[in-house]
Amino acid sequence: MSQPLPLKRQGEHHPDDGASPIKPSRLKIALSSEDSDKKNANKRLKDVEICVPIVYGTTAFYLGRKASESQSHKWTVYVRGASNEDLGVVIKRVVFQLHPSFNNPTRVVESPPFELSECGWGEFEIAITLHFHSDVCDKQLDLYHHLKLYPEEESGPQSTKKPVVVESYDEIVFPEPSEGFLARVQNHPAVVVPRLPAGLNLPSPVPIETGNGKERGDTKDHPLTQWFLNFSEADELLKLAAARQQVQAHIVKLRRQLSLVEGMPQLSKPPSTYES
């Protein structure tokens, strides 16, 4: 069984607290020697990083007159693309671990959109485990999100029309991706791909096998779309991430050129002469 990736607890953004969206953390997935040496079946690209921006969170509606002691809210937990793209190109399945009081608390979602809905009365921490396609990464990524049912301000009865929304934005970074992975996702809107080296010939993309009969896995027309938070800084952050990758690639190139220069034999200089 693959070991989960260590992950620090992420900050959360509440739409009604007056704060701007948090700055993203970059969750870099380092490859183990077992991953990189796996029969060299798929060549990996040095000095290249693939970035996948994601948003995960919950949306909770108060049930009002329909509420009972055990079911006061209906809520949905999800993992989505930062701009509602289909994450199925990278993520194979998502496992949501609910509170033990729920029937079947371990819920597995095998295809996008990666979400589940439930009814309940209490707030608790939801563990979210991302499993990736075999050409992406053998490791899993563990995220944690606190389900919030009640708004920060309790100035009156809770609205049944306006939900409580809490979302977190992060970027998953895959260093040294396989050629097959890059070939498959290089034109996909959910993935940020750096400028590739000149002359690089990628293999023909191999489509992934999915048991999903749905035509679409994005959340652009999702019933909750109007409540999803708009990370207005996300586009600029993605541009900065792409620029950062280009700068890193240029630094690597300059270092290689410098090492070649330093390795060349130096021409001896004639001794200095001074005229009296």
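Within the bounds of segment 200-221, is there any residue that is under 19 Å from Lys74 (Cβ atoms), open to solvent by 50 Å² or more (accessible area, probe 1.4 Å) and modelled with pLDDT under 85? No; the residues of segment 200-221 include none that is under 19 Å from Lys74 (Cβ atoms), open to solvent by 50 Å² or more (accessible area, probe 1.4 Å) and modelled with pLDDT under 85. For segment 140-173, the set of residues classified as farther than 22 Å from Gln226 by Cβ, of a type in the set (D, E, K, R) and open to solvent by 10 Å² or more (accessible area, probe 1.4 Å) consists of Asp142, Glu154, listed by residue number.
Whenever a residue of segment 72-91 is farther than 18 Å from Ala183 by Cα and open to solvent by less than 10 Å² (accessible area, probe 1.4 Å), its partners that are assigned to a loop (DSSP other than H, G, I, E, B) and not hydrophobic (A, V, I, L, M, F, W, C), lying with C-beta atoms within less than 7 angstrom and at least six residues away or across chains, give the pairs Tyr78/Pro113; Arg80/Pro113; Arg80/Thr219; Gly81/Asp218. The number of residues in segment 90-114 being modelled with pLDDT under 95 and within 21 Å of Ser168 (Cβ to Cβ) comes to 2. Pairs meeting the criteria (first residue in segment 120-132 and polar (S, T, N, Q), second residue assigned to a strand (DSSP E or B) and open to solvent by less than 10 Å² (accessible area, probe 1.4 Å), beta carbons under 9 Å, at least 6 apart or on different chains) are Thr129/Val94; Thr129/Phe96; Thr129/Leu141; Thr129/Leu143.
The values are calculated or read from the model by the stated rules, or taken from the named source; none is laboratory data. Computed from a predicted model, the values in this text were never measured in an experiment. Glycine gets a Cβ as well: all are built from the backbone with ideal geometry, and neighbour counts include every protein chain shown. In case anyone asks, the SASA skips ligands and DNA or RNA and just uses the protein heavy atoms, side chains included. Shrake-Rupley method; radii C 1.70, N 1.55, O 1.52, S 1.80 Å.
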